[in-house]
Amino acid sequence: MTGPAGAPADDARPDAAAPAVGWIAPRELPPADIVLEGRFGPADRMRYVEVPFDLPPRCRQIHVRYDYSERIDSDPLIGGGNTLDIGLFDPRGTRPGSPGFRGWSGSHKLEFVVGDEWATPPYLCGRLDPGTWHVLLGPYKVAPRGCEWRVEIRLDPGLPEPARDLVRVGQPTAPRLPPARDGWLRGDLHCHTRYSDGDSWQVEMLHAGAEAGLDFLGVTDHNQVGHHAEYGPGGNGRPIVVPGVEVTTYAGHWNAWGTDRWWEFRTPEAEAVGRTMAEAAEAGAVVSVNHPKPFGPAWEYGEVRAMHAVEVWNGPWARFNAASLAFWEARLVDGSRLVALGGSDTHVLRSVDPDPRHAQGLGTPTTWLNTGGRTDVPAILDAMRAGRTFVSASPAGPQLYLESGGDGVRIATRDAEGAALVVVADGRIVAATATGPDATALGGAGEWATTLAVPRGTRYVRAQLVTTTGEVRALTSPLWLSGRS
């Protein structure tokens, strides 16, 4: 990076002011009090830089606006230009886990407000202590000609907090869905709101979750946890909220559920990422690799083994999830006891999401958990950690249950007519059969069920339901048999 930091304000550049976006109504603003400028070259790509500036005493609000050359979207399919991420630290410091982290908005917002009474989501409001603050800049993409950037900071502009534009209001109507087995819950573990790059508020996401028939909702906005307070605990006709964060690094994303803090995301190196994931797990979080597939974005930390689970199914199955399944299977064969989880990665509730990687609504796919009938967050986390899970195409199923039975395994399905049951042991298909109609006489409670003897020495078995075209409709976590003789 070259160029002066903290240069005097001078609004002579015709492109100095980026268009107002996000949560701030367009309006005339006074000249900037602080201007930071610089340039990133190709060698700076995917390396965060902390740019300092000094905040004077008695400041109650700051407005930050930035712009940069050859701006393009963050979509991994788009190249040739620049994508610059931004965040903010106060004087309490920039170290991992620091309470001085006021937020990170990626490249989604070109301007934001942080004040003692309100802040633009996902930034945190609160006292503005005088001293050295830092703008966090991350050049995710750098054009061949480099990235010229400019950050303008206005002190005490007196901007009022905008009203919230809620669309989903009132009491949600839950759908009539096929019942699950006793003790099982259905939910979605991956979604985004206005606190990252989603289009809706937390109350609207809970409303949508209730209308999808979900029992729980994992809330995973990017790189910060300000959304937790906005969600609250859920319940009372809404899904139970499982607090989480999507840790968004430049070489892969991972989720942590059951955490109340942000985790280090600035260093895209396998050793650092693995260490942070292990720290999150040690602190009680359930940790999962997200969408390890082309354009997921992909997971590039192949040697990292500090996770509990893999997001085997992200968004619509046809969107390269077969690659995620292969990623997971290879690690199961190597002996890693990784749980299967799924998440819709829902970003848009108010219109059609133009990004084909994301589901068009919550529950595509749905993760099912055996909590023993408990409906609290610790029970949900325990079920995830223990692998009492399966993933299906929607909250309506199909349902797929795998358990030990006699000298082999017992498999039961609900609402799976027309699908084929495929059983995999140690990475190889050992059985395949058409499922029959639900039959109380066979499985009880409207289930179709079968038992299967497994080959001697088998370490794990898993099951999946597939269509005649090979599309997966449901899959289970592995049942570990530890080399049954």
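The values are calculated or read from the model by the stated rules, or taken from the named source; none is laboratory data. Values in this document were obtained by computation on a predicted structure and should not be read as measured data. Please note: Cβ atoms are built from the backbone with ideal geometry, for glycine as well, and neighbour counts cover all protein chains shown. Quick note on the areas: whole protein, heavy atoms, side chains included, nothing else; ligands and nucleic acids left out. Shrake-Rupley method; radii C 1.70, N 1.55, O 1.52, S 1.80 Å.
Quick notes on this one:
- Taking other residues whose beta carbon is less than 15 angstrom from the beta carbon of E303, and scoring Lys, Arg as +1 and Asp, Glu as -1, yields -1.
- Relative contact order of the chain, pairs being alpha-carbon contacts under 8 Å that are 6 or more residues apart, as %: 11 percent
- Charge dipole (debye, nearest 20) of the chain; +1 at Cβ of Lys and Arg, -1 at Cβ of Asp and Glu: 1140 debye
- Charge dipole of region 150-272 about the Cα centre (unit charges at C-beta), most positive-ward option of A212, G158, H227: A212
- Per residue, the chain exposes an accessible area of 39 Å² to a 1.4 Å probe, with every protein chain left in place.
- Net +/- balance of residues flanking S336 in space, Cβ distance below 14 Å, scoring K and R +1, D and E -1: +1
- Shown for the chain: the carbon plus sulfur share of the solvent-accessible area, taken with all protein chains present and a 1.4 angstrom probe, equals 52%.
- Net charge contributed by nearby residues that have their C-beta within less than 9 Å of C191 (K/R +1, D/E -1): -3
- Percent RCO, i.e. relative contact order, over region 331-456, from Cα pairs under 8 Å lying at least 6 residues apart: 18 percent
- Peptides ranked, highest mean first, by Cβ atoms within 10 Å: ranges 83-89, 65-71, 177-183: 83-89, 65-71, 177-183
- Percent of beta bridges antiparallel (DSSP, the chain, rounded to nearest 5): 85 percent
- Counting only Cα atoms, region 120-188 measures 56, 39, 24 Å along its principal axes, largest extent leading.
- D by Stokes-Einstein for region 29-150, Kirkwood Rh over Cα pairs, 20 °C, 1.002 mPa s: 143 µm²/s.
- Sorted peptide list for 275-284, 98-107, criterion being average Cβ within 10 angstrom, highest first: 98-107, 275-284
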